[in-house]
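Written out below as structure tokens is the structure these notes cover.
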């Protein structure tokens, strides 16, 4: 019986399809529930935010926008003409091993700090030695013709710097930082070298000659992308004022010869 009813209905449909000119269109209300329109506001996170989140890691991005970690090399001079230097022997080498940056306004303004290990060597032209005598440091003239007369120091340093960037991305960014750097000289020594007719004599002396163990420097760093130049001037004399009869202030000018932050690929995409 059901089969006959189905055939009858199907047959009538075929006849109706063949008489389309006289077919009356009857609109039937769609029984399917309409789908709710989905907008970006209904997501937990907008599409742009999701895309940006996949585009970069924030810590990695900040690392590219930090210009401290690396190896600094600078030439040393003294703001005291009474002690002329051999400039090829007077230099500073600093390994900036740790850095920490705090953003204040995106990457345009921020603070950074870190830890550095440093070596400083000052080569003097004149033939003398620093001597410890009765709780004082004195200069003892020598008749020997020194090939090298140097004062050497090893230190650990912590900077506190304020940084300004011209852009919020690495590409074509001009940056400047200024602040102070506190140094602790944990080892000091003198190095003297001269020749005789028989041999080359080297003398190293690590006795206490009252080099200031703590030293505060005023610093400035200026650069373009990962090329950075710097200058620093000691705010404390090289020797303790009460132990030495002259105030000597080292001054260093140099550049970062091996930066850690290499140019990221597609750096324009690193945008907040």
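The values are calculated or read from the model by the stated rules, or taken from the named source; none is laboratory data. Keep in mind that this is a model prediction, so the values were computed, not measured. We place every Cβ from the backbone using ideal geometry, glycine too, and count neighbours over all the protein chains shown.
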- Query: Among the listed residues 243, 204, which satisfies the condition of being in contact with a strand residue (DSSP E or B) (Cβ under 9 Å, 6 or more places away or on another chain) and either surrounded by 12 or more Cβ atoms within 10 Å (Cβ to Cβ) or at pLDDT below 90 (or both)?
  - Reply: 243
- Message: Restricting to the stretch 214-235, and then to whatever is at pLDDT below 95 and not in a strand (DSSP E or B), can you tell me which residue is farthest from residue 134 (Cα to Cα)?
- Response: 225
- Note on the structure: Of (1) buried (at least 18 other Cβ atoms within 10 Å of the Cβ); (2) over 16 Å from residue 152 (Cβ atoms), residue 102 satisfies every one except (1)
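For the stretch 89-148, give me every one of the strands (runs of 3 or more DSSP E) that falls completely inside it and has 1 or more residues that are in contact with a helix residue (DSSP H, G or I) (Cβ under 6 Å, 6 or more places away or on another chain) and without any contact (Cβ under 8 Å) to a residue 12 or more places away in the chain. Show your work before the answer.
On the way: elements: 91-105, 109-123, 128-133, 136-141.
By residue number, no strands (runs of 3 or more DSSP E) qualify.
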- Answer yes if at least one residue in the stretch 87-96 is buried (at least 16 other Cβ atoms within 10 Å of the Cβ), under 19 Å from residue 208 (Cβ atoms) and touching a strand residue (DSSP E or B) at 6+ places or on another chain (Cβ under 7 Å), and no otherwise. no
